[in-house]
Amino acid sequence: MSVQGLDHIGIAVSDIDGIISLYRDVLNMAVLDEESVPTQGVRVVKLDAGNTHVELIEPLADDTPVGKYIAKRGEGIHHICFSVKDLRASLRLMAEKGYRPLTPEPQKGASGREVVFLHPKDARGVLIELSAPALS
Ligand code: CO
C-alpha cells in the first residue's frame, strides 16, 4: 500500500449552509466543488485547505450513515482520507492482514474518485477512507 497524501478531512455537519461561512469567508478557503452523492447519502462541499482539502458532509436524510452518525456522536471530524495509488491492491492487503473494509469492493465517492472505508473498530476509533481516481 502506498499512501500518497492526505486527500481530505471529512467533517460531518447537520447543515452545510449554517457553517460554510466560517470556512469560506473567515478562513478564506476556496470552494472547489459541491455535489450530492446519493450512493453515500450525503451532500459534500469541498474546500481548498492548501496541501489538502476539507470536506463538509451533510446527510441527505436521517437514516443515512452520516445522519445516524450525527444523531449518535454529534457533529465533528468524521473521517480522514488518504489517497493511494491502487485501491484494489490496498483492499487485498487489508484483507490479508485481517482488517475489515466496510465494503468488499471500491465505491463511487465524490469528485469522480473511488473510495473504500476501513472499519473504525479496526483503527482505534478512526474512520479511515482510502481514495484513488476511478478506473474508467
Ligand atoms: Co471522504
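Values in this text are rule-based calculations from the coordinates and carry no lab data. Please read these numbers as outputs of a predicted model, since none were measured by experiment. Methodologically, a virtual Cβ is constructed for each residue, glycine included, from the backbone with ideal geometry; neighbour enumeration extends over all protein chains shown.
Taken over the stretch 1-28, residues that are more than 16 Å from the ligand (Cβ to nearest atom) and either loosely packed, with under 12 Cβ neighbours inside 10 Å or over 30 Å from L91 (Cβ atoms) (or both) amount to 14.
Tell me the residue from S90, S83, S111 that is touching a Lys or Arg at 6+ places or on another chain (Cβ under 8 Å) and of a type outside the set (A, V, I, L, M), please. It would help to see each step written out before you state the result.
Values: S90 fails: touching a Lys or Arg at 6+ places or on another chain (Cβ under 8 Å); S83 fails: touching a Lys or Arg at 6+ places or on another chain (Cβ under 8 Å).
Answer to the selection: S111.
Which members of the stretch 82-105 meet the condition of being within 21 Å of R43 (Cβ to Cβ) and either aliphatic (A, V, I, L, M) or in contact with a helix residue (DSSP H, G or I) (Cβ under 7 Å, 6 or more places away or on another chain) (or both)? Answer for the stretch 82-105, where residues must be within 21 Å of R43 (Cβ to Cβ) and either aliphatic (A, V, I, L, M) or in contact with a helix residue (DSSP H, G or I) (Cβ under 7 Å, 6 or more places away or on another chain) (or both): just L102.
Only one of the numbered conditions (1) crowded, with 17+ Cβ neighbours inside 10 Å; (2) closer than 16 Å to P133 by Cβ; (3) within 15 Å of the ligand (Cβ to nearest atom) is violated by E58, and that is (2). Within the stretch 39-51, residues that are in contact (Cβ under 8 Å) with a residue 12 or more places away in the chain sit with their Cβ atoms under 9 Å from residues that are of a type in the set (S, T, N, Q) and not in a strand (DSSP E or B), at 6+ positions apart or across chains, in these pairs: Q40/T64; G41/T64; V42/T64; V44/S111; K46/S111.
A residue that is in contact with a Ser or Thr (Cβ under 8 Å, 6 or more places away or on another chain) and basic (K, R) can be found somewhere in the stretch 31-50.
Could you tell me whether any residue of the stretch 108-115 is more than 21 Å from Q4 (Cα to Cα) and either within 16 Å of the ligand (Cβ to nearest atom) or part of a helix (DSSP H, G or I) (or both)? Checked against the condition, which is being more than 21 Å from Q4 (Cα to Cα) and either within 16 Å of the ligand (Cβ to nearest atom) or part of a helix (DSSP H, G or I) (or both), the stretch 108-115 yields no hits at all. The single residue among R100, R92, R124 that is without any contact (Cβ under 8 Å) to a residue 24 or more places away in the chain and over 23 Å from I11 (Cα atoms) turns out to be R92.
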